[in-house]
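Visitor: Quick one: the structure is below, questions incoming.
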Amino acid sequence: FVLATKSMARTKDAMAADIETSLGNLRTSYIDLYQVHNPNMEQLEQVLAPGGALEALLEARAAGKIGHIGITAHAKEVFEKALTLDWVETIMFPYNIVENQGEELIARSKEKGIGFIAMKPLAGGAIEDASLAIRYVLQNDAVTVVIPGMAAPQELAQNLAAAEDEGPLSQEEQERARAVREELGTQFCRRCNYC
């Protein structure tokens, strides 16, 4: 498994404290992937500035406490900026049947060798057909990993079965995806703060 977590810290001191808290809470001495969580453009500048969170992440990586550094985003402008930052190894961004506005940036992440983590593949549960949702996301070869939420062993089994079905979407599945898009619209985020 790959152990990953994230922090909303924007300053060096706050990020250093969060890294130590994460190590303690996860009862480990090493976290594979540590992510700057959902900064807006102004906050990203703070992360990058002297005394910003990036300094703590780089120090933790040099000390062997974390292996890789990534970023999570909900805004396309942050995703696009992240593609220009040499320390960004992964980008997590919403991607699903109804929210696929980031496809061009997802393709660019693959071209640059940056891992892409598809969050909200079921649009926060709005897409009821989990198998279709997972298969849709995994049809994009620029997706490195998809992270659906699961609450029961049956959901895990269903998600694994969908991921193992590597064939292209059938005409019937494409029609179902189109119907979901028509029903839910093209922008999942309703700013409800569920995430």
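The values are calculated or read from the model by the stated rules, or taken from the named source; none is laboratory data. Everything numeric here is computed off the predicted structure, so don't read it as measured data. All Cβ positions, even for glycine, are placed from backbone atoms using ideal geometry, and neighbour counts span all protein chains on display. The area values use the complete protein model at the heavy-atom level, side chains included, leaving out ligands, DNA and RNA. Shrake-Rupley method; radii C 1.70, N 1.55, O 1.52, S 1.80 Å.
Visitor: Mind checking the per residue accessible area of region 1-108 for me, 1.4 Å probe, whole number of Å²? Walk me through the numbers before you get to the answer.
Guide: Working: 4990 Å² over 108 residues.
Per residue, region 1-108 has 46 Å² of solvent-accessible surface.
Visitor: Can you tell me how much longer the chain between Glu104 and Thr11 gets when fully stretched, taken as 0.36 nm per residue apart minus their C-alpha distance, in nm with one decimal? Show your work: numbers first, answer last.
Guide: Numbers: separation 93, 0.36 × 93 = 33.48 nm, distance 3.08 nm.
Gain in length upon complete extension: 30.4 nm.
Visitor: Right, here's the next one. What ³J(HN,Hα) values, in whole Hz, does the Karplus curve 6.51 cos²θ - 1.76 cosθ + 1.60 give for region 38-47 when θ = phi - 60°, with x put for Gly and Pro?
Guide: Along region 38-47, the couplings run 6, x, 7, 4, 5, 5, 4, 4, 5, 4 Hz.
Visitor: Sort largest first and round to whole Å: the equivalent ellipsoid semi-axes of region 64-174, each the square root of five times a Cα gyration tensor eigenvalue. Mind dumping the intermediate values first?
Guide: Details: eigenvalues 125, 50, 33 Å².
Ellipsoid half-lengths, sorted descending, are 25, 16, 13 Å.
Visitor: Another question about this same structure. Give the range of the longest stretch in the chain that excludes all GluC sites (Glu not before Pro) found in loop regions by DSSP and having at most 13 other beta-carbon atoms within 10 Å.
Guide: Working: sites that count: Glu128, Glu166.
Counting at most 13 other Cβ atoms within 10 Å as exposed, the longest clean stretch of the chain is 1-127.
Visitor: Restricting to DSSP H runs of at least four residues, report the calculated mean residue ellipticity at 222 nm for the chain, -39500 (n - 2.57) per run over all residues, nearest 500 deg cm²/dmol. Please list the in-between numbers first.
Guide: Values: 8 runs with 83 residues, N = 195.
My calculation for the chain gives -12500 deg cm²/dmol from helical runs alone.
Visitor: Output the 0 to 90 degree angle, nearest 10, between the alpha-carbon long axis of helix 12-25 and the longest principal axis computed from the alpha carbons of the chain.
Guide: Helix 12-25 sits roughly 60 degrees off the main axis of the chain.
Visitor: Cα centroids of region 91-155 and region 24-42: how far apart, whole angstrom?
Guide: Value for the Cα centre distance between the two parts: 20 Å.
Visitor: Rounded to a whole number, what % of the accessible area of the chain do carbon and sulfur atoms account for, probe 1.4 Å?
Guide: Values: 5280 of 10280 Å².
Roughly 51 percent, rounded to a whole number.
Visitor: Then there is this: Using a/c under 1.5 as the rounded threshold, could you call region 117-192 rounded, prolate or oblate? The axes a ≥ b ≥ c are square roots of the C-alpha gyration tensor eigenvalues, and prolate needs a/b larger than b/c, oblate otherwise.
Guide: Judged from the Cα gyration tensor, region 117-192 comes out rounded (a/c under 1.5).
Visitor: For the Cα atoms of the chain, what angle does the longest principal axis make with the long axis of helix 53-62, in degrees from 0 to 90, nearest 10?
Guide: Approximately 80 degrees, to the nearest 10.
Visitor: May I pose another question? Would you mind calculating the gained length between Glu20 and Ile147 on full extension (0.36 nm times residue separation, minus the Cα-Cα distance), in nm to one decimal? Kindly include the intermediate steps, with their values, before the conclusion.
Guide: Numbers: separation 127, 0.36 × 127 = 45.72 nm, distance 2.45 nm.
Answer, rounded to one decimal: 43.3 nm.
Visitor: Could I ask something else about it? Project the alpha carbons of region 99-147 onto their principal axes and report the range along each, largest first, in whole Å.
Guide: Per principal axis, max minus min of the Cα coordinates gives 33, 16, 14 Å.
Visitor: Based on the Kirkwood radius over alpha-carbon pairs, what value in µm²/s does the Stokes-Einstein equation return for the translational diffusion coefficient of the chain at 25 °C and 0.890 mPa s? It would help to have the intermediate numbers written out before the result.
Guide: Values: Rh = 17.7 Å.
Answer, rounded: 139 µm²/s.
Visitor: Tell me, in nm to one decimal, what length is gained between Glu183 and Ala62 on full extension, where the rule is 0.36 nm per residue of separation less the Cα-Cα distance?
Guide: On the way: separation 121, 0.36 × 121 = 43.56 nm, distance 4.83 nm.
Length gained between Glu183 and Ala62: 38.7 nm.
Visitor: May I pose another question? Helix 171-184 versus the longest principal axis of the chain: what is the Cα-based angle in degrees, 0 to 90, to the nearest 10?
Guide: 60 degrees
Visitor: Pick out, in residue order, every one of the trypsin sites (Lys or Arg not before Pro) in region 103-178 that is DSSP loop and has at most 16 other C-beta atoms within 10 Å; say none if there are none.
Guide: Loop-located and lightly packed - Lys112.
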